[in-house]
Amino acid sequence: MKRVEVKLSLPVVAPLLDLIKRMVDELGGRLAAPHQVQDLDEELNAAWKGELLDGQNEDCRRFLALFDREFFASGTVAFDDNNAESVLRACAAIRLRLRDRELRGITDEAIEGGSVDVTGLGETAQRSFMCYVFLATLQELIIQHLDSAILGG
Amino acid sequence: MPAPRTETEPALAGLWRVVVLNDPVNLMSYVVLVFRKVFGFDEPTARRHMLEVHEQGRSVVWTGLREKAEAYVFTLQQWHLTAVLEPDETR
């Protein structure tokens, strides 16, 4: 099994965790991405949404489990075949929530094109954007190193 | 995904398209990986669909019977892509 260990900067990442946990709490009862399916009856729609929510919550739980005692002791988190997909999806969900909740003032063009003027953001939005970029970096690391495990799974 | 319907509904017969809509958040590399994972696309095909989503706002990634189309939409939504079903009225 391939395993990737990443040493993170504790002084940079630890302050982002409160925001990440708040986004996860907010996601507890709602889907990160729009959910719409044409011609789905009410019962099936509710079951559909319920299963998506259960999966989202489980992914977020597994993501938060990365930041355990070991992380606070060494700054290290580890990805492998067992958690890579969950972490990837959780990062996507949290990024979508951050964008909806904390980064509404940034245009789609700026956020998609990577041309956000960070110095023009307030302190709260700056932290949210740092968090947004941090999660994207984790995703890129997993995609770069564990894509074959994900595609083979 | 939720249990499929147990009876055939005429309105749902025919072919359905699985359409992925653009969002400004998900990384291009992530979308390519999801397309490869879910549909078994090779890299160039996955990238072509991703670019179509990015540049044109949407891409039809699969067409077929409703039940399988629903399964694909559900899986794409598990990966937090914005995916919808549309009847294929071209045939």
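The values are calculated or read from the model by the stated rules, or taken from the named source; none is laboratory data. Computed from a predicted structure; not experimentally measured. Using ideal geometry, Cβ is built from the backbone for each residue, glycine included, and neighbour counts are taken over all protein chains shown.
Name the residues in segment B:46-82 that are in contact with a His (Cβ under 7 Å, 6 or more places away or on another chain) and either away from every other protein chain (no Cβ under 13 Å) or in contact (Cβ under 8 Å) with a residue 60 or more places away in the chain (or both), would you?
Within segment B:46-82, B:S59, B:V61 meet the criteria.
Are there any pairs, at least 6 apart or on different chains, whose C-beta atoms fall under 6 Å, with the first in segment B:18-45 and in contact (Cβ under 8 Å) with a residue 60 or more places away in the chain and at the interface with chain A (Cβ under 10 Å from one of its Cβ atoms) and the second of a type in the set (S, T, N, Q) and outside any helix (DSSP H, G or I), and if so, which?
If the second residue must be of a type in the set (S, T, N, Q) and outside any helix (DSSP H, G or I), the pairs left are B:L21/B:T82.
Here is a list of conditions, (1) closer than 29 Å to B:F74 by Cβ; (2) free of Cβ contacts under 8 Å to residues at least 60 places away in the same chain, and A:I106 meets all of them except one; can you say which number that is?
(1)
Those residues that are farther than 15 Å from A:G113 by Cα and in contact with a Leu (Cβ under 8 Å, 6 or more places away or on another chain), I need them from segment B:48-60; list them, please.
The answer is B:R58, and nothing else.
Please give the number of the condition A:I106 fails out of (1) buried (at least 19 other Cβ atoms within 10 Å of the Cβ); (2) modelled with pLDDT of 95 or more; (3) of a type in the set (V, I, T).
(2)
Rundown of residues vs (1) at pLDDT 90 or above; (2) within 17 Å of B:W79 (Cα to Cα); (3) within 11 Å of chain B (Cβ to nearest Cβ); (4) surrounded by fewer than 17 Cβ atoms within 10 Å (Cβ to Cβ), yes/no style:
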{"residue": "A:G113", "(1), (2), (3), (4)": "no, no, yes, yes"}
{"residue": "A:E123", "(1), (2), (3), (4)": "yes, no, no, yes"}
{"residue": "A:L146", "(1), (2), (3), (4)": "yes, yes, yes, no"}
{"residue": "A:G152", "(1), (2), (3), (4)": "no, yes, yes, yes"}
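Kindly provide the set of residues from segment A:6-22 that are surrounded by 12 or more Cβ atoms within 10 Å (Cβ to Cβ) and out of contact with any Cys (no Cβ under 8 Å at 6 or more places or on another chain), ordered by number.
Those that are surrounded by 12 or more Cβ atoms within 10 Å (Cβ to Cβ) and out of contact with any Cys (no Cβ under 8 Å at 6 or more places or on another chain): A:V6, A:L8, A:L10, A:V13, A:A14, A:P15, A:L17, A:K21, A:R22.
Condition first: surrounded by fewer than 17 Cβ atoms within 10 Å (Cβ to Cβ), facing another protein chain (nearest Cβ under 9 Å) and either farther than 14 Å from B:Q77 by Cα or not small (G, A, S) (or both). Can you find one or more residues in segment A:50-65 that meet it?
Yes, some residue in segment A:50-65 is surrounded by fewer than 17 Cβ atoms within 10 Å (Cβ to Cβ), facing another protein chain (nearest Cβ under 9 Å) and either farther than 14 Å from B:Q77 by Cα or not small (G, A, S) (or both).
Please give the helices (runs of 4 or more DSSP H) falling wholly within segment A:40-153 in which 1 or more residues are under 17 Å from the mean Cα position of the chain (by Cα).
Here the list reads A:42-64, A:84-101, A:108-113, A:123-152.
Only residues that are in contact with a strand residue (DSSP E or B) (Cβ under 9 Å, 6 or more places away or on another chain) and closer than 22 Å to A:E85 by Cβ: list them for segment B:56-81, please.
Listed by number, the residues that qualify are B:V61, B:W62, B:K68, B:E70, B:Y72, B:V73, B:F74, B:T75, B:L76, B:Q77, B:L81.
State which residue pairs qualify: first residue closer than 12 Å to A:K7 by Cβ and inside segment A:67-85, second residue assigned to a helix (DSSP H, G or I) in any location, beta carbons under 6 Å apart, and separation of 6 or more residues or different chains.
So the pair list comes out as A:G75/A:L10; A:V77/A:F71.
Of all residues in segment B:44-60, count the ones that are touching an Asp or Glu at 6+ places or on another chain (Cβ under 9 Å) and not small (G, A, S).
4
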